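Have a look at the structure below, then the notes.
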Amino acid sequence: MGGALLSRWIKLGGVGVTVVDPGEPKLPLGAKWVKSVDDLPQDERFDAMILAVKPQLIDVAIPPAARFVKEGGCVVSIAAGASAAKVSEAAGGVSALRLMPNMPARVRRGVSGLFADSQATKEHRELGTVLGEAVGEAIWLEDEDQIDRITAAAGSGPGYVFEFARTYQKAVEAQGFDPKDARRLVIETLAGCMALALEDEAGFEDLRNSIMSKGGTTAAGVNALNGDGVLDERLNAALDAAYSRAVELRG
C-alpha cells in the first residue's frame, strides 16, 4: 500500500520525497532512499514525515526520525490503530494527522478518512487533503473515533467485497461456467452496477427494486439471498468486529 501511495504522491509534482526503509524497496522515479535515518544528512529537515509502519513499531520508528521534521511541520500516519496523540507523543509533540486509505487507492479509486489533532494548521490540513485526493476521495472527520469506524467500513471494505465476489464466482461456477468466464462475469457485473450507481442518484434499494418484478427471477434470487435479513446481520457483525479490533489496536 505504501509504495502505491508514494507513486501517486510523487506524480503530484513539486514534492521531494526521501524514503527510509531498512529493506531495498522498489521506488518510483523521483524518490530518494536511505536504509536508516542515520544515513540522512544531519542538517536535513522535512516539512512532513509520513509514517507507514505497523502500529506496534511506532515507538521504535518515530523517535529517531522526529528530529528531521521542520519546526512547524507535522507527521502524517497511515498506521491503523495508532491514535494521533500516540503519534504526536512519539514524535516529540509535533502535530499529527491520520490518513486511512483503502486498497483501491492503488488504482486511484480509494476512499481515505482524515483526522487532524488540535495542533494542526490550515497548511497541515491542506496537505492531508492533497494526499488523500491524490488516491481517490478524501473525507475529513472531526471525531477520531470515526477513523476507526471508517477503517471498519472502508479500510476493511475491500475484504468484504472480495469475499462476496469469491462466493459469487463459486456460485456461478456451480451453474456450469468455467472459472475464467465466471470470474469475468462477476467482475463485469459488479463493476457495471457500481458505475451505474455513480451516475444514478437513486439509492441502492431503489436500484435493486427497479430490476425486480413480482414473481420474477431477480425477486426469487434476492429473496433467497437475504429474504430473512441474514445478510444485513452478517454485514453489521463484520463492521462491528472490525471496529472493535481497531479500537483494541489503538489501545
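Derivation of every value follows stated rules applied to the coordinates shown; laboratory data play no part. All values derive from a computational prediction rather than experimental measurement. Backbone-built Cβ (ideal geometry, glycine too); neighbour counts: all protein chains shown.
Computed over the alpha carbons of segment 82-143, Rg followed by Dmax gives 11.8, 35 Å. Sorted largest first, the spans of the alpha carbon positions of the chain along the three principal axes are 73, 36, 31 Å. Segment 69-92 and segment 170-197 have Cα centres separated by 42 Å.
The residues Met103, Met49, when put in order of fewest to most other Cβ atoms within 10 Å, stand as Met103, Met49. Expressed as a whole percent, the proportion of Cα-Cα pairs in segment 164-218 lying more than 18 Å apart is 46%.
Evaluated on segment 157-250, the Kirkwood hydrodynamic radius is 15.5 Å, with distances taken between all distinct Cα atoms. Amide H to amide H distances under 5 Å link Met49 with Cys74, Val75, Val76, where only residues 5 or more positions off or on other chains count and H is placed in the peptide plane.
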